[in-house]
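Where a number appears in this text, it was derived from the coordinates with a stated rule and is not lab data. Keep in mind the model is a prediction, meaning the values are calculated, not measured. Methodologically, a virtual Cβ is constructed for each residue, glycine included, from the backbone with ideal geometry; neighbour enumeration extends over all protein chains shown.
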């Protein structure tokens, strides 16, 4: 009987700890992105927070074709000609009503920027990142996986 009580308490306490982590989780950290065409890991992106605003920088390309010297030739803003590794691809995201919005995301493949929404799953280990034009219904989403 005593061992059952210990097991029940352990399960209860671990579920409380998981809920507390998820409630305090933010998108800050290192994330693995995926390639839209192949579904393979594409890059490692570091999201950081400063004064309530989140931004993301590409730390490493993961495809064999990615080189550290690759630049964004198709970018149309100040990032044109900039190295992709080390480039800020998300900026201006803020927490609002349980999700992150208000900023933009750059697709280095085509050089276009899109409005951006992000939403953490209940574990804090998956991040849905949606880029869109106009309305959030018209766009595409990726699931990024937390690395650390």
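Some points to look at:
- With a Förster radius of 22 Å applied to the beta-carbon distance between residue 37 and residue 64, the computed FRET efficiency rounds to 0.95.
- Using the Cα coordinates of region 26-146, the gyration tensor eigenvalues translate into equivalent-ellipsoid semi-axes of 21, 16, 14 Å, sorted from longest to shortest.
- Distance (nanometres) between label positions extended 7 Å along Cα→Cβ at residue 109 and residue 88: 2.4
- The order of the peptides 116-129, 58-71 by mean Cβ neighbours within 10 Å, most packed first, is 116-129, 58-71.
- Alpha carbon centroid spacing (whole Å) that separates region 122-146 from region 20-80: 13
- Difference of contour (0.36 nm per residue) and Cα-Cα distance, residue 46 to residue 30: 5.3 nm
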